[in-house]
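Structure first, commentary second.
The values are calculated or read from the model by the stated rules, or taken from the named source; none is laboratory data. Everything numeric in this text was worked out from a predicted model, so none of it was measured. Quick reminder, even Gly has a Cβ in these numbers, built from the backbone with ideal geometry, and neighbours come from all protein chains shown. Note: areas computed on protein heavy atoms with side chains; ligands, DNA, RNA excluded. Shrake-Rupley method; radii C 1.70, N 1.55, O 1.52, S 1.80 Å.
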Amino acid sequence: MQDSLAIAGTLAPHGAVSLVWLTVALPLAGFLANGLIAIAGARAEARGRAPGAGAMRLVSVIGPGVLLAAFAVAAAVFAQLRAAPPEWPYLVSIWRWLDVGSLQIELALQVDQLSTVMLLIVTGVGSLIHLFSVGYMREDPGYARFFAYLNLFVVFMLLLVLGSSMPVLFIGWEGVGLCSYLLIGFWFTDQANADAGKKAFLVNRIGDFGFLIAMFLLWHTVGSLDFAPMLAKAPGVLHTRMATLICLFLLLGCAGKSAQIPLYVWLPDAMAGPTPVSALIHAATMVTAGVYLVTRAGVLFALSPAASMVTAGIGAVTALFAATIALRQYDIKKVLAYSTVSQLGYMFLAVGAGAYTAGIFHLVTHAFFKALLFLGAGSVIHAMHHAYHATHSHEDAQDMRNMGGLARYLPATAGLMLVATLAIAGIPPFSGFFSKDAILSAAFARGAEQPVWYLFYVLGLAAALLTAFYMARLMTMTFAGENRTGAAERTNLHEAPPIMTGPLVILGVLSLVGGFIDVPAFLGGGERLEHWLEPVTGAALRIRPLPLPAGHAESLLVATAVVVGVLGLIAGYVRTRGIRILPAREAPPDVGFARVLYHKYYVDEIYRALIVRPTVWFSRWVLWRTVDQALVDGLGVTGAVQVSRSLGWLGSRLQNGQLGFYAVLFVLGAVLVLGTIVR
């Protein structure tokens with residue numbers, strides 16, 4: 001059957017690849033099972049009974065269990081592809097979805113080198129985050145509902161990366177948006193959390209508009225939305241101007257999903273959700289979906305150097321802009337949130353330069369060290385929360401000014417977060433060193449074509465300096481120096497249970513060695529990821545080659561990046577240890593430019609004044625009061641009722657039951673008819 005489903009440019013599935021649909025079906029089954037348990041628990045609670053311990057244990061097994069099983073299938077798929085890497089992708093068809101004239105779309109999954117990398121990331125890192133959540137969310141009354149949402153989130157992530165066409169990818173694209181709304185606003189009784197969920201949902205809809213327009217243009221010009229035939233036909237039918245237009249609309253969608261300027265504002269507010277949610281959003285596929293899409297559509301971007309340059313420019317500016325904001329945040333999760341925005345900027349810089357492997361490479365290493373950082377922050381918050389809860393204190397458990405010296409009480413968390421810090425700072429041999437160096441080298445290499453690329457390189461280098469600085473500040477404020485938690489609280493500080501620290505250890509190892517999957521040739525490596533992705537990225541690189549620096553130039557670029565990272569770490573540590581840090585309740589407000597950074601350049605306030613309030617005013621007074629109430633309800637609906645009622649009243653006056661009156665009307669009517677005929 002599968003042979004008949006294969007189309008030109010794709011392979012019929014066999015072996016483990018034919019079971020790839022299980023990676024989607026397993027978390028979907030977890031969502032249904034946990035959802036039913038959540039509904040049953042809510043009904044029991046409404047009747048005054050507490051949810052049973054057995055049900056909670058079942059959730060703890062189902063939630064992570066389905067992800068671990070999905071990861072096992074993903075590993076088998078990877079093993080099959082690794083044994084014999086195919087030139088064409090496998091197409092696993094589920095059913096015929098749309099069949100309208102010449103538009104025929106299969107709900108099908110595409111298995112190739114790129115989707116397999118993403119498959120391993122989503123199921124692997126996702127499994128670790130699910131395991132961590134068992135300990136972190138155990139006491140939450142919405143435990144089953146949380147895992148139901150978390151499983152559903154993974155379902156849509158997998159549809160996004162495995163979709164064989166843009167419409168199927170778009171299902172996942174919209175699905176992760178829905179799940180992020182549900183999970184960011186998980187504690188929806190708090191208005192701020194509910195607002196953060198709505199903000200994420202609405203900002204992403206702006207980007208989705210661009211995605212839809214790009215799909216319409218591709219269907220109109222190329223005649224296919226399936227990736228394999230679409231990318232094969234595009235170079236022959238797309239001229240540069242149309243390719244630029246399509247890519248810019250795609251970029252709008254990617255900027256929304258991946259939190260790039262000007263649509264980055266939703267991601268820092270997404271910290272309102274539980275910390276494992278933050279880890280899943282930042283480390284897996286949700287926010288990196290834009291990078292994945294640009295890589296998947298690399299042929300289109302290769303046809304438009306202008307759109308590629310815009311992509312890289314937005315990435316470079318975002319990387320530096322977000323890094324400056326992270327310098328002055330006190331909430332440990334917000335520092336990491338702006339760090340994610342900045343690192344996503346690096347990935348856009350890479351794919352804009354045509355270094356698609358470097359972009360995916362940084363996506364992979366970022367998944368390791370950012371998941372570790374977020375889960376480590378979760379471990380810190382877990383300890384702080386329990387300490388404050390024990391003393392009935394209402395201090396902020398996420399404010400770094402209330403921490404300090406935690407390395408004595410949480411040594412494992414401190415050590416593992418240090419590994420992640422060195423990785424994100426680009427210190428060799430930690431994973432981030434290799435991927436960040438590849439991005440900066442690619443940006444520098446493009447400078448031979450257009451000098452503006454040298455500016456992008458400098459912006460990236462400056463962002464690397466600030467990244468090292470704010471991460472050193474975070475580590476110093478949290479783990480070094482004198483403890484500021486309080487004497488009573490200090491006795492209740494302790495490391496998280498093994499179900500939480502276990503995933504941290506695995507992520508720590510990956511953050512240390514993950515960069516070795518693509519060691520460059522000049523360092524003696526085999527560039528394995530580069531060769532692995534070549535069947536996917538090769539077509540774009542043949543259209544727009546990227547000659548990378550070699551010899552002394554390459555060595556000088558690497559040395560510069562390492563020196564910048566080391567200087568940033570030293571400066572961040574020395575600067576933070578050199579000032580007296582007061583607990584949040586005693587700290588004076590920031591002044592000057594520090595105040596501007598703390599308030600994030602007042603971008604939210606500017607958006608609220610220029611966009612949100614005018615839109616609310618226009619909606620309320622023009623669309624609602626004028627168009628809806630006055631024109632539609634008043635003149636339209638109510639007016640028609642009044643006219644009908646008046647005509648009815650007039651007709652009723654003529655029905656008075658007097659025969660003479662009817663005779664007069666009959667005569668008048670007959671005269672009127674005769675007069676009309678005679679005339």
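Here Met500, Met477 are screened, and the one residue that is in contact (Cβ under 8 Å) with a residue 40 or more places away in the chain and within 30 Å of Glu586 (Cβ to Cβ) is Met477. Taking the numbered list (1) more than 25 Å from the chain's Cα centre (by Cα); (2) surrounded by 17 or more Cβ atoms within 10 Å (Cβ to Cβ); (3) more than 21 Å from Arg544 (Cβ to Cβ); (4) touching a residue at least 60 places away in the same chain (Cβ under 8 Å) in turn, Tyr264 passes all entries but (1).
Step by step: first the residues of segment 562-605, then only those that are touching a residue at least 60 places away in the same chain (Cβ under 8 Å) and not in a helix (DSSP H, G or I), then the one that is nearest to Ala443 (Cα to Cα). Which residue is that?
Taking segment 562-605 as the starting set, the residues that turn out to be touching a residue at least 60 places away in the same chain (Cβ under 8 Å) are 562, 564-573, 575-577, 581-585, 587, 590, 594, 597-598, 600-601, 603-604.
Now restrict to residues that are not in a helix (DSSP H, G or I): 581-585, 587, 590.
Numbers: Ile581: 39, Leu582: 41, Pro583: 42, Ala584: 41, Arg585: 44, Ala587: 41, Asp590: 36 Å.
Per the stated criteria, the residue is Asp590.
The single condition among (1) modelled with pLDDT of 95 or more; (2) β-branched (Val, Ile, Thr); (3) touching a strand residue (DSSP E or B) at 6+ places or on another chain (Cβ under 9 Å) that Ile62 does not satisfy is (3).
Every residue in segment 13-24 that is assigned to a helix (DSSP H, G or I) and open to solvent by 30 Å² or more (accessible area, probe 1.4 Å), please. Spell out the reasoning first.
Taking segment 13-24 and keeping what is assigned to a helix (DSSP H, G or I), we get 15-19, 22-24.
If the condition is that a residue be assigned to a helix (DSSP H, G or I) and open to solvent by 30 Å² or more (accessible area, probe 1.4 Å), then Gly15, Ser18, Leu19, Leu22 are the ones that fit.
Scan segment 608-616 and give yes if some residue there is open to solvent by 80 Å² or more (accessible area, probe 1.4 Å), among the hydrophobic types (A, V, I, L, M, F, W, C) and within 30 Å of Ala326 (Cα to Cα), otherwise no. Before you say what the answer is, go through the steps one by one.
We begin by selecting, within segment 608-616, every residue open to solvent by 80 Å² or more (accessible area, probe 1.4 Å); these are 608, 610-611, 613.
Now restrict to residues that are among the hydrophobic types (A, V, I, L, M, F, W, C): 610-611.
Narrowing further to those that are within 30 Å of Ala326 (Cα to Cα): 610-611.
Yes, that holds for at least one residue.
Here Gly354 clears all of (1) part of a helix (DSSP H, G or I); (2) closer than 24 Å to Leu250 by Cβ; (3) of a type outside the set (A, V, I, L, M) except the condition numbered (1). Any residue at all in segment 548-560 that is aliphatic (A, V, I, L, M) and under 30 Å from His382 (Cα atoms)? Checking segment 548-560: not a single residue is aliphatic (A, V, I, L, M) and under 30 Å from His382 (Cα atoms).
Across segment 299-327, what is the total count of residues that are part of a helix (DSSP H, G or I) and over 30 Å from Leu225 (Cβ atoms)?
Going through segment 299-327, the residues part of a helix (DSSP H, G or I) turn out to be 299-302, 305-326.
From what is left, the residues that are over 30 Å from Leu225 (Cβ atoms) are 316-317, 319-326.
Looking only at that region, the number is 10.
Within segment 538-561, residues that are under 17 Å from Tyr454 (Cα atoms) and without any contact (Cβ under 8 Å) to a residue 24 or more places away in the chain reach no partner that is part of a helix (DSSP H, G or I) and open to solvent by 40 Å² or more (accessible area, probe 1.4 Å) with beta carbons closer than 8 Å at six or more positions or on different chains. Hey, does segment 100-113 have a residue that's open to solvent by less than 40 Å² (accessible area, probe 1.4 Å), of a type in the set (Gly, Ala, Ser) and modelled with pLDDT of 95 or more? Looking for residues that are open to solvent by less than 40 Å² (accessible area, probe 1.4 Å), of a type in the set (Gly, Ala, Ser) and modelled with pLDDT of 95 or more, one finds none in segment 100-113, hence no.
Okay, residues lined up against (1) farther than 22 Å from Ala496 by Cβ; (2) in contact (Cβ under 8 Å) with a residue 40 or more places away in the chain; (3) of a type in the set (Phe, Trp, Tyr):
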position: Ala397; (1), (2), (3): no, no, no
position: Gly404; (1), (2), (3): no, yes, no
position: Arg408; (1), (2), (3): no, yes, no
position: Pro411; (1), (2), (3): no, yes, no
position: Met417; (1), (2), (3): no, yes, no
position: Ala420; (1), (2), (3): no, yes, no
position: Ala425; (1), (2), (3): yes, yes, no
position: Gly432; (1), (2), (3): yes, yes, no
position: Ile439; (1), (2), (3): yes, yes, no
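Name the residues in segment 25-47 that are open to solvent by less than 70 Å² (accessible area, probe 1.4 Å) and either farther than 18 Å from Leu183 by Cβ or small (Gly, Ala, Ser) (or both), would you? Once the filter is applied, which keeps residues that are open to solvent by less than 70 Å² (accessible area, probe 1.4 Å) and either farther than 18 Å from Leu183 by Cβ or small (Gly, Ala, Ser) (or both), segment 25-47 yields Ala25, Leu26, Ala29, Gly30, Ala33, Gly35, Ala38, Ala40, Gly41, Ala42, Ala44.
Go through the residues of segment 566-579 one by one and say whether even a single one is over 29 Å from Leu461 (Cβ atoms), loosely packed, with under 13 Cβ neighbours inside 10 Å and not small (Gly, Ala, Ser). It would help to see each step written out before you state the result.
We begin by selecting, within segment 566-579, every residue over 29 Å from Leu461 (Cβ atoms); these are none.
No; the residues of segment 566-579 include none that is over 29 Å from Leu461 (Cβ atoms), loosely packed, with under 13 Cβ neighbours inside 10 Å and not small (Gly, Ala, Ser).
Given Ala496, Ala550, Ala488, which one is open to solvent by 20 Å² or more (accessible area, probe 1.4 Å) and under 30 Å from Ser393 (Cα atoms)? Write out each step before concluding.
Working: Ala496 fails: open to solvent by 20 Å² or more (accessible area, probe 1.4 Å); Ala550 fails: under 30 Å from Ser393 (Cα atoms).
After applying the criteria, what remains is Ala488.
Within segment 654-675, residues that are at negative phi sit with their Cβ atoms under 9 Å from residues that are surrounded by 10 or more Cβ atoms within 10 Å (Cβ to Cβ), at 6+ positions apart or across chains, in these pairs: Leu654/Phe661; Leu654/Tyr662; Leu654/Leu665; Asn656/Tyr662.
Can you tell me how many residues in segment 53-76 are in contact with a Leu (Cβ under 9 Å, 6 or more places away or on another chain) and without any contact (Cβ under 8 Å) to a residue 40 or more places away in the chain?
Here is the first cut: in segment 53-76, the ones in contact with a Leu (Cβ under 9 Å, 6 or more places away or on another chain) are 63-71, 73-76.
Now narrow it down to the ones that are without any contact (Cβ under 8 Å) to a residue 40 or more places away in the chain: 65.
Here the count works out to 1.
Applying the set (1) basic (Lys, Arg); (2) open to solvent by 70 Å² or more (accessible area, probe 1.4 Å); (3) under 30 Å from Ile206 (Cβ atoms) to Arg653 leaves exactly one unmet item: (3). In the set Gln80, Gln113, only one residue is closer than 20 Å to Val168 by Cβ and in contact (Cβ under 8 Å) with a residue 40 or more places away in the chain; that residue is Gln113. Within segment 125-132, can one find any residue that is more than 25 Å from Leu250 (Cα to Cα), in contact (Cβ under 8 Å) with a residue 40 or more places away in the chain and open to solvent by 10 Å² or more (accessible area, probe 1.4 Å)? Scanning segment 125-132, I find at least one residue that is more than 25 Å from Leu250 (Cα to Cα), in contact (Cβ under 8 Å) with a residue 40 or more places away in the chain and open to solvent by 10 Å² or more (accessible area, probe 1.4 Å), so the answer is yes.
Yes or no, residue by residue, for (1) touching a helix residue (DSSP H, G or I) at 6+ places or on another chain (Cβ under 8 Å); (2) open to solvent by less than 10 Å² (accessible area, probe 1.4 Å); (3) under 18 Å from Asp437 (Cβ atoms):
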| site | (1), (2), (3) |
| --- | --- |
| Ala319 | yes, yes, yes |
| Tyr338 | yes, yes, no |
| Gly345 | yes, yes, yes |
| Ala350 | yes, yes, yes |
| Leu375 | yes, yes, no |
| Asp396 | yes, no, no |
| Met400 | yes, yes, no |
| Arg408 | no, no, no |
| Leu418 | yes, no, no |
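Can you tell me which of Leu162, Leu183 is closer than 30 Å to Pro229 by Cβ and open to solvent by less than 10 Å² (accessible area, probe 1.4 Å)?
Answer to the selection: Leu162.
Of all residues in segment 278-303 being farther than 18 Å from Pro167 by Cα and of a type in the set (Gly, Ala, Ser), which is modelled with the lowest pLDDT? The extreme case among them is Ala284.
Count of segment 78-99 residues, restricted to those that are open to solvent by less than 60 Å² (accessible area, probe 1.4 Å) and touching a Ser or Thr at 6+ places or on another chain (Cβ under 6 Å), is 3. Here Gly426 meets each of (1) part of a helix (DSSP H, G or I); (2) open to solvent by less than 10 Å² (accessible area, probe 1.4 Å); (3) not basic (Lys, Arg) with one exception, condition (1). Among the criteria (1) touching a strand residue (DSSP E or B) at 6+ places or on another chain (Cβ under 8 Å); (2) at pLDDT below 95; (3) over 30 Å from Thr221 (Cα atoms), the one Gly54 does not fulfil is (1).
Can you give me the number of residues within segment 144-185 that are farther than 21 Å from Ala259 by Cβ and under 12 Å from the mean Cα position of the chain (by Cα)? Selection size over segment 144-185: 0.
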